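Here's the structure we're looking at; comments come further down.
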Amino acid sequence: MFYLILFIVISICLMTFIFLKKIFIKTSTPAIVMALGIIIRGVLSHMAGSHSFLVQLLSAVIIALWLTFSFSIILSFIYKRFIPLHIVDPLNRFGIGTWIAGTSICAILIFEQFSYWQWATWLLLYISIFLWPYYLWQASRSFYELRGSQKVNIHGILLLTTVSTQSLVLLLNEIYREIPSLFNWTLLIIGIVFYAVGTFLIIRHLFTAGWNMKEHWANTNCILHGALSITGFAGISSGAINGGSAVLWWIFVSIVFLFVESLEICRLVQRLRYDGVKKGIWTYHVTQWSRLFTFGMFYTFTSLVKPQTNWLVNAKTAILTAGAPLIFALFIIELLLYSSFLLQILKQPQGQRL
């Protein structure tokens with residue numbers, strides 16, 4: 001009952017704020033739910049216990065955030081802002097993938113943490129299933145429109161097609177214990193195909209004239225390894241991969257992780273050198289949540305693999321030992337940036353985007 005009351009109070013307060021300020025969320029804002037959800041489900045639960053007070057408390061808060069963001073999307077329908085805000089820009093359409101992944105992680109949290117809310121699990125499952133084909137249709141339109149573009153800064157947001165698809169695999173196998181392997185493999189392969197197409201477009205864009213690391217390397221490019229991590233997570237959860245194949249996939253993901261994050265460090269150095277601390281790194285943008293999500297997903301996937309050789313066991317131990325404090329440090333930094341951003345929103349007139 002405590003968690004239900006907390007959920008209701010937070011939801012009412014946030015939705016009232018959204019309504020009074022006429023705030024329409026950015027398409028990718030539910031990435032906040034994705035990031036916090038995997039931190040709770042995959043990191044905090046691993047450390048503090050899957051049914052600890054803190055895990056259940058934060059789960060109720062995250063579900064309230066999901067409801068608030070959904071309310072804002074519904075408002076955009078009512079005020080006839082949905083299409084211009086979420087559909088017109090072909091690159092922005094990919095952000096709808098955060099709606100599916102965020103909904104899926106909330107459904108998993110409800111299923112695991114709140115047995116008396118099980119009806120909500122099914123509701124969110126149906127919402128995810130309904131959104132997914134619509135999203136893939138919109139994403140396919142965007143892939144077609146962007147196929148020859150050199151003017152648009154193509155980045156990792158394209159890979160939300162993979163993330164959203166594999167999140168459905170996770171949710172379905174969490175609720176149903178006997179999902180046919182053919183069905184699991186079909187969804188996994190669809191996600192991998194979208195990953196291949198998106199990665200091809202991202203890499204091709206790196207070689208366009210005028211591209212440079214400082215200006216054009218995007219926060220969302222970390223999804224290059226995050227999408228692989230959730231694919232591995234979904235593969236293990238569904239039983240599609242296990243044992244040695246899971247370890248091989250983990251090694252591959254680890255290599256991609258190191259490569260992508262090395263490039264990110266290079267960009268960080270350049271931004272600090274030319275823009276300083278405030279403009280270079282201490283500025284909020286919704287895409288920053290993608291890093292928390294991908295780090296949390298890599299941690300979660302790592303915790304599930306079972307390497308046999310000593311050096312791989314040591315590598316896994318090192319990742320889990322160093323990963324948790326790093327993820328929580330990034331979370332605190334992001335929370336400070338987001339709080340500062342919200343204070344600015346409070347001072348501004350109606351119609352801001354959150």
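The values are calculated or read from the model by the stated rules, or taken from the named source; none is laboratory data. Please read all numbers here as calculations on a predicted model, not as lab measurements. No Cβ is skipped: glycine too gets one built from the backbone with ideal geometry, and neighbour counts run over all protein chains shown. Keep in mind that these areas ignore ligands, DNA and RNA; they rest on the heavy atoms of the full protein, side chains included. Shrake-Rupley method; radii C 1.70, N 1.55, O 1.52, S 1.80 Å.
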* Are there any pairs with C-beta distances below 7 angstrom linking a residue in the range 257-272 that is farther than 15 Å from residue 294 by Cβ to a residue that is part of a helix (DSSP H, G or I), with the two at least 6 apart or on different chains, and if so which? -> 266/213; 267/213; 267/214; 270/213; 270/214; 271/214; 271/280; 272/280
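Can you name every one of the helices (runs of 4 or more DSSP H) wholly within the range 155-242 that holds 3 or more residues which are surrounded by fewer than 20 Cβ atoms within 10 Å (Cβ to Cβ), out of contact with any His (no Cβ under 7 Å at 6 or more places or on another chain) and hydrophobic (A, V, I, L, M, F, W, C)?
Passing ranges, in order: 181-206.
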* Asked: Can you tell me how many residues in the range 326-351 are open to solvent by less than 60 Å² (accessible area, probe 1.4 Å) and farther than 20 Å from residue 226 by Cβ?
  -> 6
* Looking at 174, 112, which is the one that is in contact with a Lys or Arg (Cβ under 9 Å, 6 or more places away or on another chain) and within 22 Å of residue 235 (Cβ to Cβ)? -> 112
* Close pairs from the range 91-117: first open to solvent by 10 Å² or more (accessible area, probe 1.4 Å), partner not in a helix (DSSP H, G or I), Cβ under 6 Å, at least 6 apart -> 91/152; 92/27; 99/30
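For (1) among the charged types (D, E, K, R); (2) free of Cβ contacts under 8 Å to residues at least 60 places away in the same chain; (3) under 13 Å from residue 113 (Cβ atoms); (4) in a loop (DSSP other than H, G, I, E, B), each residue gets a yes or a no:
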{"site": "3", "(1), (2), (3), (4)": "no, no, yes, no"}
{"site": "19", "(1), (2), (3), (4)": "no, yes, no, no"}
{"site": "29", "(1), (2), (3), (4)": "no, no, no, yes"}
{"site": "32", "(1), (2), (3), (4)": "no, no, no, no"}
{"site": "46", "(1), (2), (3), (4)": "no, no, no, no"}
{"site": "54", "(1), (2), (3), (4)": "no, yes, yes, no"}
{"site": "59", "(1), (2), (3), (4)": "no, yes, yes, no"}
* Structure fact -> Picking from 323, 276, the residue that is open to solvent by less than 60 Å² (accessible area, probe 1.4 Å), on the phi > 0 side of the Ramachandran plot and not acidic (Asp, Glu) would be 276
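Using the structure shown, decide if residue 316 is under 24 Å from residue 246 (Cβ atoms), in a helix (DSSP H, G or I) and of a type in the set (Lys, Arg). Steps first, answer last, please.
Details: under 24 Å from residue 246 (Cβ atoms): yes; in a helix (DSSP H, G or I): yes; of a type in the set (Lys, Arg): yes.
So residue 316 fits the description; yes.
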* Are any of the residues in the range 71-82 open to solvent by 10 Å² or more (accessible area, probe 1.4 Å), in a helix (DSSP H, G or I) and within 25 Å of residue 152 (Cα to Cα)? -> yes
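Just the residues that are without any contact (Cβ under 8 Å) to a residue 60 or more places away in the chain and of a type in the set (S, T, N, Q), please, taken from the range 130-164.
Within the range 130-164, 138, 140, 142, 149, 150 qualify.
Against the condition open to solvent by less than 60 Å² (accessible area, probe 1.4 Å), among the β-branched types (Val, Ile, Thr) and either more than 29 Å from residue 233 (Cα to Cα) or without any contact (Cβ under 8 Å) to a residue 12 or more places away in the chain (or both), how does residue 305 come out, does it pass?
Against the criterion (open to solvent by less than 60 Å² (accessible area, probe 1.4 Å), among the β-branched types (Val, Ile, Thr) and either more than 29 Å from residue 233 (Cα to Cα) or without any contact (Cβ under 8 Å) to a residue 12 or more places away in the chain (or both)), residue 305 does not qualify.
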